[in-house]
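Chemist: Right, I'll just put the structure down here and ask away after.
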């Protein structure tokens with residue numbers, strides 16, 4: 001499905017929480033995966049421990065017309081044998097609620 005040309009008025013910026021990520025996954029690889037799935041990605045962050053190792057979760061800020069559809073596009077995706085979990089971040093949930 002084509003998402004058409006980008007019109008600022010038709011898109012919302014939301015942040016997705018991505019859990020159960022492989023500890024070896026870096027931000028560049030996660031960004032590439034999300035782009036391959038058709039998402040318009042602006043920021044990807046994977047927090048790390050003090051020793052530099054990944055915490056196994058991350059956040060991606062995307063431009064979307066339908067956050068639910070974009071989350072479903074990632075349902076069942078596995079990275080290195082680990083099924084990732086995807087949800088709207090708390091901040092994005094609050095922002096979308098306030099708009100209603």
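Chemist: Go through segment 46-78 and report how many residues are part of a strand (DSSP E or B) and touching a helix residue (DSSP H, G or I) at 6+ places or on another chain (Cβ under 7 Å).
Modeler: Number of matching residues: 4.
Chemist: Can I ask one more? Of 78, 94, which residue is over 20 Å from residue 27 (Cα atoms) and exposed (fewer than 12 other Cβ atoms within 10 Å of the Cβ)?
Modeler: 94
Chemist: Okay, next question. Anything in segment 89-100 that is outside any loop (DSSP other than H, G, I, E, B) and under 14 Å from the mean Cα position of the chain (by Cα)? List them, or say none.
Modeler: Once the filter is applied, which keeps residues that are outside any loop (DSSP other than H, G, I, E, B) and under 14 Å from the mean Cα position of the chain (by Cα), segment 89-100 yields 90, 91, 92, 93.
Chemist: Filter segment 10-34 down to residues that are part of a helix (DSSP H, G or I), loosely packed, with under 13 Cβ neighbours inside 10 Å and touching a residue at least 40 places away in the same chain (Cβ under 8 Å), then give me how many there are.
Modeler: Selection size over segment 10-34: 1.
Chemist: Any residue that is in contact (Cβ under 8 Å) with a residue 40 or more places away in the chain, more than 23 Å from residue 10 (Cβ to Cβ) and surrounded by 12 or more Cβ atoms within 10 Å (Cβ to Cβ) - is there at least one of those in segment 35-46?
Modeler: no
Chemist: State yes or no: is residue 86 surrounded by fewer than 12 Cβ atoms within 10 Å (Cβ to Cβ), modelled with pLDDT of 90 or more and either in a loop (DSSP other than H, G, I, E, B) or touching a helix residue (DSSP H, G or I) at 6+ places or on another chain (Cβ under 8 Å) (or both)?
Modeler: No.
The values are calculated or read from the model by the stated rules, or taken from the named source; none is laboratory data. This is a predicted model, so every value here is computed, not measured. Ideal geometry is used to build each Cβ from the backbone, glycine not excepted, and the neighbour counts take in all protein chains shown.
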